[in-house]
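Since the structure comes first, as structure tokens, the remarks are kept for the end.
The values are calculated or read from the model by the stated rules, or taken from the named source; none is laboratory data. Being a predicted model, the structure only gives us computed values, none of them experimental. Note that we place each Cβ from the backbone using ideal geometry, even for glycine, and neighbour counts take in every protein chain shown. Just the protein is used for accessible areas: all its heavy atoms, side chains included, with ligands, DNA and RNA removed. Shrake-Rupley method; radii C 1.70, N 1.55, O 1.52, S 1.80 Å.
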Amino acid sequence: MGVKVYGSTMSTCTARVISTLEEMGAEYDVVPIDFAAGEHKQPAHLARNPFGQVPAFEDGDLMLFESRAIARYVARKYKSSGPDLLREGNLGESAMVDLWLEVESQQYNPAIAPIVYQCLMIPMRGGVADQKLIDANVEKLGKVLDVYEDRLSRTKYLAGDFFSLADLSHLPYTHYFMATPYASLFESRPRVKAWWEDLSSRPAVRKTTAAMPTSRFCSCFSVPVLVSPGSIEGLCWFFQIICWIYEINRSFLNAAFKLLFFANLIYVCVPSEMLKQGPC
Ligand code: GS8
């Protein structure tokens, strides 16, 4: 019998577990938890994860939460059927895997998560991103990535010249981060960029990210399109129309989308000379 992952394929922490299961070639079922209905705070889910969060994980009688602990468990359980993600046969290598897993959770995640949250989640819910918070964390993430650039000039992957759970654990937030306007932090660091290209092109990773579409965050592009129309316009429009249709019943947020949509429409359709001249 396969194991069960409670959560959403689009949630970052759930994706950490799913990508590990995919790497190990394990059979599993995802049991969706309905955040909108508050299912994660209901007694049935609190029994699986007392913090009322996703993911939770079930393997027979064993119930786990905390995505990184679950991922380690999965790597151990299926170690004969997938890559050696923990290197437990070698004391030094396994220590390096532990070290870079700690770096991911203690240095990388605290910097990248608020950027993703502010740039993508908040605008999607109709809120306004806190630019100061974004700037502070972009600076913080830049410093972390400088350490990564240096590390990756000496080894192919973070823990050594072998792919490990430490690399894989970076997947979920980095995937979403690449849809923010700050993806250039990776472009400007060639080794970090190559490392991400390598990681994100793994078949297991591709399969995981296929269920994490970034198009649902379209609304965050509205304001940039208004002020600086560029090559991504067509794409933004397309996603905006999809969102508009999808969100049609969501009153206030939907009204804001429509307003921005028509503002964009006017900006792009009306010749710029006319806009400069004004209506009269
Ligand atoms: C964090 C879980 C978490 O924040 C882990 O599993 O790694 N350290 C934990 N889960 C989020 C979704 S992340 O995509 C969550 O469930 N948030 C809802 C809430 O906190 O109420």
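Under 19 Å from the mean Cα position of the chain (by Cα), surrounded by fewer than 13 Cβ atoms within 10 Å (Cβ to Cβ) and closer than 20 Å to Trp100 by Cα: which single residue out of Glu197, Glu187 fits that description?
Answer to the check: Glu197.
Is there a residue in the range 143-151 that is buried (at least 19 other Cβ atoms within 10 Å of the Cβ) and within 23 Å of Leu21 (Cα to Cα)? Checking the range 143-151: not a single residue is buried (at least 19 other Cβ atoms within 10 Å of the Cβ) and within 23 Å of Leu21 (Cα to Cα). You will find that of Glu66, Glu22, Glu58, the residue that is in contact with a helix residue (DSSP H, G or I) (Cβ under 8 Å, 6 or more places away or on another chain) and either assigned by TED's automatic domain parsing to the domain that holds Phe163 or of a type in the set (Asp, Glu) (or both) is Glu22 and no other. Of the residues in the range 89-101, at least one is within 15 Å of the ligand (Cβ to nearest atom) and either modelled with pLDDT of 95 or more or open to solvent by 70 Å² or more (accessible area, probe 1.4 Å) (or both).
One residue alone among Glu22, Glu27 is more than 11 Å from the ligand (Cβ to nearest atom) and within 21 Å of Leu199 (Cα to Cα), and that residue is Glu22.
For the range 168-189, residues that are in contact (Cβ under 8 Å) with a residue 40 or more places away in the chain and either in the same structural domain as Thr14 (by TED's automatic domain parsing) or assigned to a helix (DSSP H, G or I) (or both) total 10. Asp161 satisfies every condition listed in (1) open to solvent by 10 Å² or more (accessible area, probe 1.4 Å); (2) in contact with a helix residue (DSSP H, G or I) (Cβ under 6 Å, 6 or more places away or on another chain); (3) more than 14 Å from Val116 (Cβ to Cβ) except (2).
Listed here are the residues, each with its yes/no results for (1) away from the ligand (no atom under 15 Å from the Cβ); (2) surrounded by fewer than 17 Cβ atoms within 10 Å (Cβ to Cβ); (3) of a type outside the set (D, E, K, R).
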{"site": "Gly2", "(1), (2), (3)": "yes, yes, yes"}
{"site": "Met10", "(1), (2), (3)": "no, yes, yes"}
{"site": "His40", "(1), (2), (3)": "no, no, yes"}
{"site": "His45", "(1), (2), (3)": "no, no, yes"}
{"site": "Arg48", "(1), (2), (3)": "no, no, no"}
{"site": "Gly60", "(1), (2), (3)": "yes, yes, yes"}
{"site": "Asp84", "(1), (2), (3)": "yes, no, no"}
